[in-house]
1. For the stretch 208-332, count the residues as N, evaluate 2.2 N^0.38 Å, and divide the Cα radius of gyration by that value, please.
2. Give, in nm to one decimal, the length gained when the segment between residue 360 and residue 345 is fully stretched (0.36 nm per residue of separation minus the Cα-Cα distance).
3. Give the Rg (one decimal place) followed by the Dmax (whole number) of the stretch 276-406, computed from C-alpha coordinates and expressed in Å.
4. At 7 Å along Cα-to-Cβ for each site, give me the label-to-label distance between residue 338 and residue 316 in nm.
5. Hey, with R₀ at 45 Å, roughly what FRET efficiency would residue 33 and residue 190 work out to, going by the Cβ-Cβ distance, to 0.05?
6. What is the percent of Cα-Cα separations in the stretch 353-427 that go past 21 Å?
7. For an R0 of 25 angstrom, estimate the FRET efficiency from the Cβ-Cβ distance between residue 289 and residue 166 and round to the nearest 0.05.
8. Given the stretch 32-76 reduced to its alpha-carbon atoms as identical point scatterers, what log10 I(q)/I(0) does the Debye formula return at q = 0.22, 0.28, 0.30 Å⁻¹?
């Protein structure tokens with residue numbers, strides 16, 4: 001029997017050619033930095049390349065909290081695939097109703113209306129449109145925040161390099177310092193009843209930036225005082241990534257709209273959601289066609305949502321993420337301080353979202369490659385290019401943990417050797 005791995009052997013150059021011809025020359029060049037390895041299989045915390053090498057997946061931009069192809073999620077998806085994967089969206093369809101019920105059951109009290117989408121950016125667009133439909137025409141987001149690259153989401157994403165080619169963006173968007181409650185209060189007080197605030201509990205793409213304790217609660221209180229609208233973007237931080245179901249749980253915050261994504265599809269399919277209060281959702285309740293999408297709430301995706309919620313609950317992956325994070329963060333910190341004290345700024349994290357900030361972006365890229373050379377896939381941070389980000393799954397075994405730490409130890413030792421061979425001033 002021929003496997004996916006067998007079929008892919010020797011195809012790397014052909015796939016690289018197709019990338020250059022039909023996808024992106026830049027992506028092809030990036031792939032060459034990693035030796036043109038081609039991922040063809042995945043299971044749990046591990047992925048396999050076409051040449052048979054296995055890598056621990058501590059990347060994936062936060063998607064794989066349940067690992068890849070979790071059996072509970074796969075069971076639900078397979079059942080739906082074989083019966084009714086795509087609906088007409090005219091008749092009642094049970095999987096979307098059950099998925100909404102499952103999602104609301106793990107959301108904060110009072111958030112009981114759901115709009116499903118595919119990408120995190122689409123969920124952000126939904127939040128922004130709900131704010132507008134409720135009369136809040138001004139948007140405030142935070143420096144370093146990342147909310148996606150569709151036009152509205154991009155307007156809230158405070159990164160010049162992503163915004164510049166697409167201006168003019170949507171009007172009346174202001175970016176403020178993350179963690180500065182005084183700056184936010186000043187803006188809200190100048191425009192009472194007009195402002196939608198969009199922020200993340202922890203800025204993942206910003207470089208794993210953790211706000212001062214109490215900041216989220218202060219934001220909520222300020223928004224309520226000045227009759228604003230609060231959209232909490234937990235596309236990356238939700239579903240256990242921070243060792244809680246939601247980042248807002250640490251300060252008992254209730255937004256008008258809570259955004260979920262990435263992990264929501266169980267590492268099997270793309271799906272996101274905006275979960276809103278009844279009051280905030282009223283414009284969508286009134287007119288079911290005011291904000292729609294063909295693939296919103298399709299049965300195959302909704303089966304995955306139900307499987308993901310069930311898997312996280314049954315295997316207690318939220319406390320597991322908290323426990324694993326408490327083990328990994330101090331040991332990664334100790335290794336970094338021992339092996340590369342002059343090359344790092346800081347190691348920080350919460351739960352299974354851990355960032356290692358290097359003194360310059362080039363070193364972050366070098367560390368990314370060294371980790372790959374030692375069998376671990378991680379990500380850089382798109383808004384914090386000096387930060388290497390670890391987002392491992394909550395299903396790591398003790399052996400996986402030790403492999404990750406041993407690989408980081410070896411990678412940092414090799415990084416020092418590589419840095420010593422670089423010409424002065426070079427990367």
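1. In units of the 2.2 N^0.38 Å rule of thumb, it is 1.20.
2. That works out to 4.5 nm of additional length.
3. 19.8, 60
4. 3.1 nm
5. After rounding, the FRET efficiency stands at 0.45.
6. 26 percent
7. Step by step, r from the Cβ atoms, then E = 0.35.
8. -0.79, -1.05, -1.11
We did not get these values from a lab; they are worked out from the coordinates using the rules stated. On a predicted model such as this, the values are computed, not experimentally measured, just so you know. Here the Cβ is made from the backbone with ideal geometry for all residues, glycine too, and neighbour counts use every protein chain on show.
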